[in-house]
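One structure is given below, encoded as structure tokens.
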Amino acid sequence: MRTVGRRAIYLKVTFSNVSDLAAIAPGESALVTELHLEPDVAAWLHAVGIGMGERITVLRRAAFGGPIHVRTSVGGEFAIARSLARAIATKP
Amino acid sequence: MSPTPAPPLRAETPNEGASESSATAPFVRVALVGRPNSGKSSLYNALTGGDAHVGNFPGITVDVLESEIDLGDRKATVSDLPGLYSIDAVVDPSTDEGVARTFLDRAAERGERMLVLQVIDATQLALGLRLTRELLRAKHVVVVVATQKDVLEGDGRSLDVAQLARAIDAPVVHVNARDVDDTRRRVIDALKERLAATRTSGISEDFDPTALAARVVVERDPTRAKRRSPTARADAVLLHPAFGPIVFVCVMTALFAAVFLVADPMTSLMDAGVGLARARLSRWLGEGLLASFVADGVLGGAGTVLAFMPQIVILTVAMELMEASGYLARGAFLVDRLLRVLGLSGRSFLPLLMGHACAVPAIAATRIIRDPRERLTTILVVPLMTCSARVPTYALIIGTFFAARGAWTKAGIFVVLYFAGILSGLVASLVLRRSATSGRTLPLVLEMPQYRAPQARVVARKAWQSASRFFRDVGTVIVAVSAVLWALLTIPLPASLTSAPPDAPAIERSVAAGVGRALEPVTKPLGFDWRINVGLIGSFGAREVMVGTMGVIFGVEDASDDPAPLSERMREAKRADGAPAYSTRTALALLAFFVIACQCMSTVAAIRRETKSIRWPAFVLAYTYIAAYAVALGVHAIAGMMGVS
């Protein structure tokens, strides 16, 4: 089985003045401004509707730091790991 | 893997052969493509009437179902590809998404004439149109089927089909896939229209999916659209921080109860049938080696395969109901945090759950895991789950050595053994993620589809598919291994090589018994003698064979059907010095061994198929047998220290 390379999936966050998706309260929505992710992962997320310029609504968060349930502006609903949500910069 | 197909499929040339007569009309493939949960299976069913055979495609190990349909002047082969989000983003080729991509690329390389029939959930049009744009940019010839017409209209919205077709310059049909006849007729008309089309404008690739979707989905009744959807209302309960997990545990309990309560009587029925066939055959063939080979070697193996069928079918139906209804993704959401502690994610939940019935379909189910490392870890851990094949041996051992205890104690031991399986899986996963499969994995991104009522026909088709796959893949291995083991247990060793007296029963003089005796120094610390060793050799291919083999060794006929006489003989068995051969400590060590050892050639074959290497199946055999020995040794020693006799 082929495995992906061992490089880190998350790129270093360089902006400190923006919020991230993990910080959005359930029921609130935010605009994705940047994805601090490897290009492959970012491209796949973009394909499913979580890309730059998309408005994402947070529906709920699972207990104990579990995944976040979000709705994309095009109507899809996804569960995304909280660590991944932290790498998605947003603004209101 | 290049996302761009070879020239013969370019959209600029779809008119090739359009005017040919039916005699010369070339082969046309219709590739059914769509996001997971887009209604692809329902459409495939509507188009083909559920008729399917497994296509044979070089380089693709996953079952891609196909069926022929009539397009008037020619036949076309419809291939149902696994779910796919994007053909641009990079994915591992062994996952479901990668398989669909490989299929499209290979078809292009072969120069096949292919129409891509893209299924889009009309309630999430913009999402589907992203894939449409990718397909058009890759020069595929696309026909779009928008499903969920009833749901969209129920929300007070409708789809402007003509405007959408103009914008993407491809035929579009909008259907409710539950209306089978209407769906089939309109989709076939659209396919014919696409085949007859003479040219495309070439400007269709540049639309903005979100803007286009907003334009073509028309709001008819805004008050209805604003209402909270049934899915949102259901999620408020099913994903509630307190009620959600309670409902989840109840659903899982019901599922396992169904697997055991419903499957058990059916398994007995199958067993009785095979028993009858064996008796008939024995009468017909008489005594002798050939009769024994056919009855015990071949039919015995076939009986094992058949006995598992009911469980496999019921489990597949249950899983399919959960997946088609949308609940499976909710389960994954709820358990993701727990599985992440072990280096896995919510996506591993389905295979691990399935592993409790049979590891073989569970290993195939790991294809839904996008991350290669997580998928490999899950494959390596699934064999530790307490599959139904362990149950007969557990029952024999518990019935033999804990017979004096109450029913609750025995049930308690069963529960402990189940959790021991889960616990060993967790420990193995933790260790593997820090050693053999270490490294970063993709974090969870899982679609949470709308809740839907599953379609009986689609569920039935999936159940049939998995039953036939099990029969084909597992059945052949079990029958073959059963035949080999028959030979080992029957063929006598030369008198000079065996310590058994010449008048001893045949099995005591067999090759297997010779090996069992040779292994005694190794297994003695666990309390095993040569007879248990022979049982373990017999169960190397399939663990449930243990009971039957022990029956042969102790001269008990049909021990698999009624293990009580065998239990008695095992309790009474004596060592050479007259002491009881087996103690409670032996039983505990044997149970521990069975919890961990991967005594299942079918699982090994499935791992080989899914990892495309012999390294990982060998690794599973090695690590589970070493761990099984170590844990059994530990259990035997600790039980001794605790004063267990």
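Structural remarks
- Spans of helices (runs of 4 or more DSSP H) in segment B:524-622 with at least 2 residues free of Cβ contacts under 8 Å to residues at least 40 places away in the same chain: B:530-538, B:564-572, B:601-611
- Residues in segment A:45-87 that are at the interface with chain B (Cβ under 9 Å from one of its Cβ atoms), part of a helix (DSSP H, G or I) and of a type in the set (K, R): A:R82 alone.
- Residue count, segment B:449-466 (criterion: surrounded by fewer than 18 Cβ atoms within 10 Å (Cβ to Cβ), of a type outside the set (D, E, K, R) and in a helix (DSSP H, G or I)): 4
- Comparison of B:A428, B:A407, B:A420, B:A483 shows that the only residue that is of a type in the set (A, V, I, L, M, F, W, C), surrounded by fewer than 17 Cβ atoms within 10 Å (Cβ to Cβ) and either out of contact with any Leu (no Cβ under 6 Å at 6 or more places or on another chain) or at pLDDT 85 or above (or both) is B:A407.
- Hey, B:F401 surrounded by fewer than 18 Cβ atoms within 10 Å (Cβ to Cβ), modelled with pLDDT of 85 or more and of a type in the set (F, W, Y) or not: no
- Helices (runs of 4 or more DSSP H) wholly inside segment B:201-240 that include at least 2 residues being at pLDDT 80 or above and closer than 20 Å to A:I56 by Cβ: B:209-216, B:230-238
- A Cβ distance below 6 Å, combined with a sequence gap of six or more or placement on separate chains, defines the contacts here; from segment B:218-231, residues that are within 13 Å of another protein chain (Cβ to nearest Cβ) and more than 10 Å from B:G156 (Cα to Cα) reach residues that are surrounded by 12 or more Cβ atoms within 10 Å (Cβ to Cβ) and at pLDDT 60 or above in the pairs B:T231/B:Q450; B:T231/B:Y451.
- Hey, B:T77 of a type in the set (S, T, Y) and within 14 Å of chain A (Cβ to nearest Cβ) or not: no
- B:L350 more than 21 Å from B:R543 (Cβ to Cβ), free of Cβ contacts under 8 Å to residues at least 40 places away in the same chain, part of a helix (DSSP H, G or I) and within 12 Å of the chain's Cα centre (by Cα): yes
- Meets criteria (under 24 Å from B:Q455 (Cα atoms), in contact (Cβ under 8 Å) with a residue 40 or more places away in the chain, within 14 Å of another protein chain (Cβ to nearest Cβ) and of a type in the set (A, V, I, L, M, F, W, C)) for B:A324: no
- Here the condition is being more than 30 Å from B:F308 (Cα to Cα) and in a loop (DSSP other than H, G, I, E, B); of B:L519, B:L442, B:L446, it holds for B:L442 alone.
- Flag for B:G343 being touching a residue at least 12 places away in the same chain (Cβ under 8 Å), within 14 Å of chain A (Cβ to nearest Cβ) and either over 18 Å from the mean Cα position of the chain (by Cα) or not in a helix (DSSP H, G or I) (or both): yes
The values are calculated or read from the model by the stated rules, or taken from the named source; none is laboratory data. Please read all numbers here as calculations on a predicted model, not as lab measurements. Every residue, glycine as well, gets a Cβ built from its backbone with ideal geometry; the counts of neighbours run over all protein chains shown.
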